[in-house]
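Visitor: Please see the structure below; I have some questions.
The values are calculated or read from the model by the stated rules, or taken from the named source; none is laboratory data. Values in this document were obtained by computation on a predicted structure and should not be read as measured data. Cβ sites come from the backbone with ideal geometry, for glycine too, and all protein chains shown count toward neighbours.
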Amino acid sequence: MLDKILSRYKSTPGYTARLREFTLSVSKERFIRGLGVLLILVALVLQVFAALAPSQSSAAPSQNDLIPGGVTSKSQLVKDCDKNTNKIDRVLNYYSIKCVDLAKGKVVSLNSRDYNGRLYSAGHLPQGYASETPVNIGSEVIYWRLLHAWDTHKSSTYTTLKFTSSKGKTFWMLFTCGNLVSIGLPKGPPPPKTCPYNDKIPAKSPKCRPCKGSPSEFYTLACLTYHKTVVYVKRHNSDANGTTAKPGDVLKYALIVKNTGKRKQPNFVIQDNIADILEYAVLTNRGGGTYDKSTGFLSFPKVNIKPGATVTRTFSVTVDNPLPTTRSLSDPDAYNYKMTNVFGDIINVKVQPPTAQVVIANAATSLPNTGPGTSIFTFAAIAAIAGYFYSNRRLQLKEARLALELSSGGQEVE
């Protein structure tokens, strides 16, 4: 470009004025391009840091967690043990586990089907799995169940801390929730020799079992029965199960738990997965419960259920008006114009399909990969292109200033 400018030197009227104007324009453009390159580089650096930084748990803490919200590292797990987060020492001490045992542990991956599927995990809440076994630790109850009972696919893999207790028993702790994992049901301190609710009966006697369906003197969950009802609030509380609801209808659900055994069920949490209901309705009355959107569970405060007692919890929803027009191809149970719910009883309330329907396919098959590697590559490419244009404009400015100096009689140009 410099050659072209010099070839026109003194041959065009007003040449110097136009050259000054061109130089000023290029100078401004170089500044803007330089600022753009700087911002792109800053974004690239932040993207690299984000990719290298350890991931944080995005799941909302559950009442089932031994350590609410879980941990992201071994050091954090040891710190939570030292600080006695969520009073975890009661559970750890029961199984002769000390914080120093955790500090000696090793971070490993654990599959839910390892050890021939005999891995059990412990948490604070009952989930109703067939393998569930409650353990009384003082006034607290924890629940052991097979780890693969949580699987939504063939198996699940977890990041864990593997360690050995002071009595030589191998345990794992799940990073996602801090819950203990054991091969088979671990043994705690020796059980009492007499029945927990009748000291005149030996603990191992069949008469000590809290109810006929309980496999042991401690399994009080087997004595609970579950029942559920749903009625239309604005239709004289008529039964809604098996009917078709209209937009704007108010449905009142009742969760009923009865203790048919001889022993109190302490700290029982009544909870219900209402995610399928809320595909076509809005939760308008929680009834004192707490709804966790990430899991779909509506949970109520802990309650002690005495022998023979019945506890009822209710909540209400209002059917959407207008109804969603969504349909799903990837999940046949989602948006199927039916609000299905199970709590002992299977409750189905239909909704009338709208005329227009929008079909949702499996997003995993259509969305591009937007992981950190892709983002970093994209930012690097943009930075390279922006840098090229910035360098090009910088060279043009240098040439223009040199030409302007020549046209001004050798005077230096700012």
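Visitor: If you check Pro186 against the conditions, is it at pLDDT 85 or above, over 33 Å from the mean Cα position of the chain (by Cα), surrounded by 15 or more Cβ atoms within 10 Å (Cβ to Cβ) and closer than 30 Å to Leu66 by Cβ?
Guide: Values: at pLDDT 85 or above: yes; over 33 Å from the mean Cα position of the chain (by Cα): no; surrounded by 15 or more Cβ atoms within 10 Å (Cβ to Cβ): yes; closer than 30 Å to Leu66 by Cβ: yes.
Taking the combined requirement at face value, the residue does not satisfy it.
Visitor: Still on this model: Report, by residue number, each residue of the range 93-138 that is without any contact (Cβ under 8 Å) to a residue 40 or more places away in the chain and among the hydrophobic types (A, V, I, L, M, F, W, C).
Guide: Residues satisfying the conditions are Cys99, Val100, Ala103, Ala130.
Visitor: OK, next. Give me the pairs: first residue in the range 168-193 and free of Cβ contacts under 8 Å to residues at least 40 places away in the same chain and not assigned by TED's automatic domain parsing to the domain that holds Asp114, second residue surrounded by fewer than 21 Cβ atoms within 10 Å (Cβ to Cβ) and of a type in the set (A, V, I, L, M), beta-carbon distance under 7 Å, and six or more apart or on different chains, which are they?
Guide: Listed pairs, sorted by first residue: Pro191/Ala203; Pro192/Ala203; Lys193/Ala203.
Visitor: Can you work out which of the residues in the range 106-127 that are crowded, with 19+ Cβ neighbours inside 10 Å and small (Gly, Ala, Ser) is nearest to the chain's Cα centre (by Cα)?
Guide: Gly123
Visitor: Hey, another quick one. If I filter the range 264-275 for residues that are out of contact with any strand residue (DSSP E or B) (no Cβ under 9 Å at 6 or more places or on another chain), in contact (Cβ under 8 Å) with a residue 12 or more places away in the chain and not in a strand (DSSP E or B), do I get at least one hit?
Guide: Here is the first cut: in the range 264-275, the ones out of contact with any strand residue (DSSP E or B) (no Cβ under 9 Å at 6 or more places or on another chain) are none.
No; the residues of the range 264-275 include none that is out of contact with any strand residue (DSSP E or B) (no Cβ under 9 Å at 6 or more places or on another chain), in contact (Cβ under 8 Å) with a residue 12 or more places away in the chain and not in a strand (DSSP E or B).
Visitor: Determine whether Ser216 is of a type in the set (Ser, Thr, Tyr) and touching a His at 6+ places or on another chain (Cβ under 7 Å).
Guide: On the way: of a type in the set (Ser, Thr, Tyr): yes; touching a His at 6+ places or on another chain (Cβ under 7 Å): no.
The answer is no for Ser216.
Visitor: In the range 163-178, which residues are polar (S, T, N, Q) and closer than 12 Å to Leu92 by Cβ? First the steps, then the outcome.
Guide: Just the residues of the range 163-178 that are polar (S, T, N, Q), to begin with: 164-166, 170, 176.
Listed by number, the residues that qualify are Ser165, Ser166.
Visitor: If you don't mind, another one. Can you tell me which of (1) hydroxyl-bearing (Ser, Thr, Tyr); (2) within 29 Å of Val303 (Cα to Cα); (3) in a loop (DSSP other than H, G, I, E, B); (4) at pLDDT 80 or above is the one Ser121 doesn't meet?
Guide: (3)
Visitor: Something else about it: Scan the range 310-331 for residues that are modelled with pLDDT of 90 or more and of a type outside the set (S, T, N, Q) and jot them down.
Guide: We begin by selecting, within the range 310-331, every residue modelled with pLDDT of 90 or more; these are 310-320.
Hits for the range 310-331 are Val311, Arg313, Phe315, Val317, Val319, Asp320.
Visitor: Considering only residues of the range 150-172 that are within 18 Å of the chain's Cα centre (by Cα) and closer than 30 Å to Gln265 by Cβ, which is surrounded by the most Cβ atoms within 10 Å (Cβ to Cβ)?
Guide: Tyr158
For every residue, the table says whether it meets (1) β-branched (Val, Ile, Thr); (2) surrounded by 17 or more Cβ atoms within 10 Å (Cβ to Cβ); (3) farther than 22 Å from Lys350 by Cα.
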position	(1), (2), (3)
Pro247	no, no, no
Val250	yes, yes, no
Lys258	no, yes, yes
Arg263	no, yes, yes
Gln271	no, yes, yes
Ile277	yes, yes, no
Tyr280	no, yes, no
Thr284	yes, no, no
Thr290	yes, no, yes
